[in-house]
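Accompanying notes for the structure given below.
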Amino acid sequence: MKVIIQNLRKNIRCILILFILCGGWSLLVCFTNDKSKKYPRSTIVDSTQLIELGRYLFYDNRLSYNNTKSCASCHDQRFAFTDGYRKSIGIYGDKLNHNSLPLFNLESNFSFNWNEPEIIRVEDQLHIPLFNDAPKELGLKNHEAEILHRFCSDSSYVYLFLRAFPEKAFPINFNNIIKSLAAFCLSIKSYNSDNDKGILTINAQKGKTLFYSEKYNCNNCHSGPNFNQFIGAKRPEDNFQKFGFSETGNKFRIPSLRNLSFTSPYLHDGSAESLLDVLNDYENANRYRNFGQRDVQDSSILTIQTKLDNQMSMEDKMNIIAFLLSLNDTTFVNNPQYKNPFNY
Amino acid sequence: MSLLNRLNRILKFRYCIIFFFCCSLTISFAQSKLDSLLNNRRNDIQTVLKSGFPILELKLTDPKLHLAQALAISNFQFIVNCKTPMGESLLNEIFAVYPARQSELPAGIDQNGNIYRVEMYNYGYNLSSICLVDIGENKVLKVNTIPNSQPDIPEHLKILALEIACNSAEVLKELSYKPENSEALMASTKTALNRTKCERSLHLCVAPTFVKDNKALWAIVDLTDLKLVGTRWTNVGHSEGISERRIQNAKIMECYCLKDSLYKDENWRFKFTLTSSDGLRISEVYYKNNLVINSMKLVDWHVSYSNSDGFGYSDAIGCPMFSQSAVVAIDPPRKIDIVENGKKIGIAIEQNYFSEGWPAPCNYNYLQRFEFYNNGRFRPAFGSLGRGCGNDGTYRPVSRIAFAGEQNSFAEWDINKWKTWQKENWRLQDILSTYTPEGFQYKIYDPKDNGYYIEANRGQFHDGGRGDNAYTYVTVHHVDKDEGDTDLITIGPCCNTDFHQGPDKFIYPDQENINNTGLVIWYVPQLKNDDTSGKEYCWAQSYYESGVIKSKIFPCMSGPMFVPIIQNH
């Protein structure tokens with residue numbers, strides 16, 4: 001009997017050592033309820049906790065397969081959550097399809113992607129950078145378990161997840177990662193520009209008049225709180241305009257005009273370095289000379305065609321640019337609420 | 001038959017075992033080499049820190065170099081930052097000891113064969129100290145300390161960085177094989193990486209880069225903490241090194257690095273020298289016998305490949321044999337006539353700098369071009385002739401122009417009038433910048449309103465440039481302290497997107513008055529490369545012709561034109 005007990009003890013010891021060595025501790029942290037005793041939970045879901053978790057995940061390189069990128073790599077606060085590239089770069093250096101879109105005031109957006117009107121929830125959009133395969137952005141597809149294990153084995157994240165999802169027994173999963181990232185992205189607000197405050201220079205005021213004028217009619221496409229909605233739009237797809245690339249038939253979303261000082265280069269392919277380039281492009285009705293003219297048969301470009309009849313004087317261009325720059329919100333790009341929470 | 005098969009299998013199995021044994025031996029040998037390097041390094045650091053004299057000295061066999069090092073580290077001013085005010089030791093290391101070149105000596109001191117330069121890096125404060133010593137006289141001539149700067153790294157640190165990178169599990173995983181040290185490009189060029197301690201080059205970091213297919217893997221090594229801090233991929237496309245290459249190091253050294261050369265015609269007279277790290281320096285520039293410029297040169301090349309991740313190279317250009325830089329002069333400077341409508345209207349001095357494998361990925365080709373026109377205009381221009389380590393990079397050449405005269409003032413055009421700057425300052429040429437009807441953005445002038453208008457490049461010079469988007473800095477020219485009169489080490493990090501490009505350290509924290517004083521203009525253009533077909537810029541592509549590889553260049557040139565004020569009166 002003694003021998004059996006001794007053997008059993010030895011075995012238990014071995015099992016325990018093995019358990020610890022194999023990361024069993026982290027698994028325990030991940031999949032048991034008992035952690036609530038260690039990390040006190042609130043019984044009420046507090047969205048602040050969700051946003052905070054989202055902020056950590058947003059800046060964490062561990063949310064990419066090879067630990068080289070985070071959401072912030074393409075959405076940097078200093079550039080109004082864009083990255084300054086013509087087209088962003090995935091974890092393996094591949095060019096992505098489009099210019100990085102800024103992240104602010106997302107609640108006012110009809111849709112969240114350059115050319116997919118059917119994506120109308122931030123959560124759905126988040127699947128693309130996380131799991132997209134061609135090209136790989138963060139490269140998580142087929143590596144989900146490994147990525148989750150990274151967060152499960154970090155007690156700080158266990159705490160953050162349990163705090164954000166107090167009602168969940170096993171809070172560390174991709175649904176909750178996406179929910180918290182979406183909560184953080186939706187929390188980013190930018191309504192503190194000179195135009196919002198009604199402080200416009202003389203030139204900006206002139207530009208504003210031109211912007212809303214019959215002559216240029218910029219607001220026909222760029223309206224709403226983010227200056228990115230087509231006035232007549234009733235469905236997300238109505239906000240997608242056809243800009244060149246007639247051979248592929250792509251349509252692209254009307255981008256926001258807020259914070260343009262921080263978001264160059266412009267347009268879906270980042271082909272315009274400056275706002276003057278953009279205005280010249282529209283004036284010439286020639287989005288991209290090397291890849292063909294716009295498809296003039298398509299009714300969705302009628303508003304652009306209207307502009308063709310009006311050549312812009314340099315003075316008008318500079319005044320419109322002055323107005324566009326009055327939509328910059330410098331407080332938002334420095335707001336500590338959105339900053340990287342990690343210290344290095 | 002079955003017996004033979006079985007034997008065959010056993011043999012195959014044995015070979016497999018031997019193969020794996022060899023592999024693991026190789027890996028463990030490589031690992032043990034790295035371990036030994038790291039252990040030695042850590043032991044050396046601990047020893048000097050405990051010794052109370054926290055300076056890692058270079059192991060030198062040449063008695064002259066040894067004496068130079070000894071003289072420098074016995075100078076109080078040189079070692080003043082080796083400890084904190086509380087007396088705690090900070091790690092310092094001598095990075096270089098060598099005979100000083102003429103371009104590194106202050107005005108009035110000539111190289112007599114005994115003057116040596118000693119460069120030291122302070123890891124604690126991230127600052128560099130430079131000391132000039134005369135071993136003949138056994139004395140220190142000059143000490144200069146530059147905060148937030150790093151000298152060129154010595155060979156032993158380059159080897160250590162390569163070992164760390166090549167033996168890193170992350171690099172192995174990303175490349176799917178263990179690279180050889182010889183595969184790494186740009187291994188000694190300083191870099192940065194946001195969200196790590198290498199951010200804004202606060203630590204001493206380098207990036208051995210490995211090209212695989214049409215991508216480049218950057219292995220960013222922190223030499224302060226002795227570890228790999230991250231890897232990043234960039235897209236470089238496909239191109240090959242050209243087969244036309246001339247290397248004339250000895251001739252260049254003899255004629256242009258060790259002494260000043262003189263140019264003289266009926267309008268212009270100046271000296272030119274190839275410096276070790278500030279490119280071609282033009283000095284003592286006279287126009288019709290009036291001294292107009294003390295010196296013009298290119299201090300740094302900052303190349304950034306990611307705004308958000310903040311990595312790239314902080315590089316310098318110079319002589320082929322002295323420089324640690326991978327981009328060096330391989331041809332002598334050349335003089336070219338500037339001809340317009342069949343008439344010679346001026347001359348230009350050009351100097352090219354190449355990486356060995358250009359235009360293959362991660363290789364560079366820079367051009368400096370100084371134009372001097374018969375009517376008194378002049379233009380320091382600098383550009384990239386393409387390629388590099390990514391197809392979405394930003395080049396920021398840092399140039400320095402020290403004007404002659406001790407009673408200069410500086411003004412910028414503000415919508416409809418000249419506005420004089422009172423203090424040292426900087427300005428970005430952006431979409432809201434305004435210009436006189438002639439296109440002038442700034443002017444530098446003396447009390448008699450003699451001087452120059454400065455015409456910023458907006459793509460009007462027909463040289464492939466599309467505009468500079470430049471930061472312009474104006475600082476006081478100090479005769480009593482060296483802020484760039486002699487060769488400067490790399491003064492700024494590679495990848496800052498704001499005005500922190502290096503010259504700002506001569507402005508802040510105490511912005512000095514700049515009215516009626518000697519002035520230095522620092523001009524830092526920002527040039528974004530582009531590989532988009534039909535829109536190539538700062539780009540180069542190899543192609544085959546008649547059995548050889550040639551290159552097609554899409555240059556990006558930058559630099560302002562200086563136009564005499566008198567001419568426009």
Where GluC sites (Glu not before Pro) fall in DSSP loop in region B:415-457, at most 16 other Cβ within 10 Å: B:Glu438
Post the alpha-carbon centroid distance, region B:435-512 to region A:310-339, in whole angstrom. 26
Length-normalised contact order of region B:510-569, Cα under 8 Å, at least 6 apart, in percent, tallies to 22
Longest to shortest principal axis, alpha-carbon extents of region B:249-568, angstrom: 61, 47, 42
Per-residue HN-Hα couplings for region A:257-272 [Karplus 6.51, -1.76, 1.60; θ = phi - 60°; Hz; x = Gly/Pro]: 9, 6, 6, 5, 4, 9, 10, 5, x, 9, 6, 4, 10, x, 7, 10
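Let me know the charge dipole size of region B:249-568 about its Cα centre in debye, to the nearest 20, where only the beta-carbon of Lys, Arg (+1) and Asp, Glu (-1) is charged.
Computed charge dipole of region B:249-568: roughly 760 debye.
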Trypsin sites (Lys or Arg not before Pro) within region B:397-454, DSSP loop, no more than 15 other Cβ atoms inside 10 Å: B:Lys448
Provide the three semi-axes, in whole Å and in decreasing order, of the ellipsoid equivalent to region B:55-147 as defined by the square roots of 5 times the Cα gyration tensor eigenvalues. 23, 14, 11
Measure up A:Lys95/B:Lys197; B:Lys142/B:Lys251; B:Lys190/B:Lys227; B:Lys139/B:Lys505 against 19 Å on the Cα-Cα distance and list the ones that go over. A:Lys95/B:Lys197; B:Lys142/B:Lys251; B:Lys139/B:Lys505
Relative contact order of region B:55-147 (C-alpha contacts under 8 Å, at least 6 apart) in percent is 28
Under a crude label model (7 Å from the Cα following the beta-carbon direction), how far is B:Tyr435 from B:Lys59 in nanometres? 5.8
If neighbour count is taken as other Cβ atoms inside 10 Å, put A:Leu186, B:Leu38 in order from fewest to most. B:Leu38, A:Leu186
What angle do you read, to the nearest 10 degrees and between 0 and 90, between the alpha-carbon axis of helix B:155-166 and the longest principal axis of chain B? 50
Just report the Cα centroid separation between region B:129-148 and region B:206-245, whole Å. 35
Could you work out the longest stretch of chain B that avoids the chymotrypsin sites (Phe, Trp or Tyr not before Pro) located in DSSP loops with at most 12 other Cβ atoms within 10 Å? B:178-569
Volume in Å³ per residue [convex hull over Cα atoms, computed for region B:407-462]: 100
Given the convex hull over the Cα atoms of region B:125-268, what projected area results after averaging over all orientations, in nm²? 14.6
To check my understanding: the extent here is largest minus smallest coordinate of the Cα atoms along each principal axis. What are those three numbers for chain B, in Å, largest first? 103, 62, 44
Once both labels are modelled 7 Å past Cα along the beta-carbon direction, what's the B:Lys83-B:His238 spacing in nm? 6.1
Measure out, as a whole number of angstrom, how far apart the alpha-carbon centroids of region B:347-409 and region B:276-318 sit. 7
Suppose R0 equals 56 Å; then what is the FRET efficiency for B:Ile109 and A:Ile128 from their Cβ-Cβ distance, rounded to the nearest 0.05? 0.35
Just need log10 I(q)/I(0) for region A:97-140 at q = 0.16 Å⁻¹, Debye formula, equal scatterers on the alpha-carbon atoms, no solvent, rounded to two decimals. -0.43
Charge dipole (debye, nearest 20) of the protein assembly as shown; +1 at Cβ of Lys and Arg, -1 at Cβ of Asp and Glu: 2660
Taking the dipole about the Cα centre of the protein assembly as shown, with the C-beta of Lys and Arg at +1 and of Asp and Glu at -1, give me whichever of B:Asn515, A:Gly139, A:Pro265 is farthest to the positive side. A:Gly139
Hey, got a sec? Which GluC sites (Glu not before Pro) in region B:92-175 land in a DSSP loop and have at most 14 other Cβ atoms within 10 Å? B:Glu137
The whole-number value in µm²/s of the Stokes-Einstein translational diffusion coefficient for the protein assembly as shown, with Rh from the Kirkwood sum over alpha carbon pairs at 20 °C and 1.002 mPa s, is 70
Distribution of pairwise C-alpha distances over region A:69-221, 10 Å bins, in %: 9, 29, 32, 18, 8, 4, 0
Which ordering of B:Cys205, B:Cys255, B:Cys166 is given by a fewest-first count of other beta-carbon atoms within 10 Å? B:Cys255, B:Cys166, B:Cys205
Given the pairs A:Lys189/A:Lys339; A:Lys136/B:Lys528; A:Lys208/B:Lys419, which are separated by over 19 angstrom at their Cα positions? A:Lys136/B:Lys528; A:Lys208/B:Lys419
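Using only alpha-carbon positions, what ratio does the radius of gyration of region B:450-518 give when scaled by 2.2 N^0.38 Å? Walk me through the intermediate numbers first.
Working: Rg = 14.9 Å, N = 69, 2.2 N^0.38 = 11.0 Å.
Cα-based Rg divided by the globular estimate yields 1.35.
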Treating only the Cβ of Lys, Arg, Asp and Glu as charged (+1, +1, -1, -1), what charge dipole size does region A:176-230 show about its Cα centre? Round to the nearest 20 debye. 60
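Readers should treat all values here as calculations from the given coordinates under stated rules, not as data from a laboratory. Because the structure is predicted, anything quoted here is derived from the model rather than measured. Cβ sites come from the backbone with ideal geometry, for glycine too, and all protein chains shown count toward neighbours.
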